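Below: one structure, written as structure tokens.
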């Protein structure tokens, strides 16, 4: 059976959201090991049926405002550090944390990093009208060289294939124009490196792409590569736009209903359509963002993750592990 370790103390609403999400996962047929304050976790479990959950007590945790020097000194004693090391010691198949993203990258690099990877990279799915686009890096690295972007492309293509089952997914390099030679020095160099790697069959590079293609406009792109600074700005912008879009749609429908007698008659169908759009834009549906370049899966969840997001992170990690092992999803 698949075992997943969770940092129970990481996140804005930890350990409540983590524990509730873990309880929801009882239907997934996985073993969950929660690292954190045993007293607090047991109080939240409150004798509810949780045979799939094991608790590993930890004295320390990494706060969301912690400085790098602080969590480096105490990493091996924290819920995050011990949950990650548990996976590195082959006692679990993967790790999930909704805590400090910087500390998560440090912990994963210390205990899980592959020897052939210089820097782990964080990726996430951006919803579009068709298939979601996988964007990386979205914040793990802000000082990025062309060689790093090349590695991001390889890791992103590999992950997308595992995730979707699609062979040879398309990979684009985010730039200020689609023509070769655009962008800064590292982007120009990265284009040449990625083009050469593509000709050798390492992945399917389709050239530079513009920002609108991240949102699904133009030719289909499966994987978008950029540095962590740009990727994080795009991610936060997309989250804000998603919320604003739903608010504008709701407001517009209310105004239309007051002036058009036919709108209330169609209310059921409209509500159903809005629910579908909301689900597609909801970050909690995607669970967590995978940190790539590691020996074991590691998902970094949104700091404000609710129980549904934690449940989905567990579900998606289970499915990913099964695909990597050549097994069919439940």
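Values in this text are rule-based calculations from the coordinates and carry no lab data. Everything numeric here is computed off the predicted structure, so don't read it as measured data. All Cβ positions, even for glycine, are placed from backbone atoms using ideal geometry, and neighbour counts span all protein chains on display.
Here are the numbers for this structure:
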item	result
Antiparallel DSSP beta bridges within the range 1-145, as percent of all bridges there, nearest 5	20
Antiparallel %, DSSP beta bridges [both residues in the range 92-226], to 5	30
D_trans [Stokes-Einstein, Kirkwood Rh over alpha-carbon pairs] for the range 122-244, 37 °C, 0.692 mPa s, µm² s⁻¹	233
Ratio of Rg to Rh over the chain (Cα coordinates, Kirkwood Rh, two decimals)	1.00
The range 28-173: proportion of alpha-carbon pairs further apart than 18 angstrom, %	66
Debye log10 I(q)/I(0) for the range 170-213, one point scatterer per Cα, at q = 0.18, 0.27 Å⁻¹	-0.45, -0.92
Three principal axis lengths of the range 4-52 [C-alpha, angstrom, descending]	26, 21, 14
Rg to Rh, two decimals, where the range 66-111 supplies the alpha carbon set and Rh follows Kirkwood	0.94
Square roots of 5 times each gyration tensor eigenvalue, C-alpha, the range 77-141, largest first, Å	25, 13, 12
Modelled FRET efficiency - R0 56 Å, residue 324 with residue 248, Cβ distances, 0.05 increments	0.90
Antiparallel DSSP beta bridges within the chain, as percent of all bridges there, nearest 5	25
Size-normalised alpha-carbon gyration radius of the range 1-102, reference 2.2 N^0.38 Å	1.01
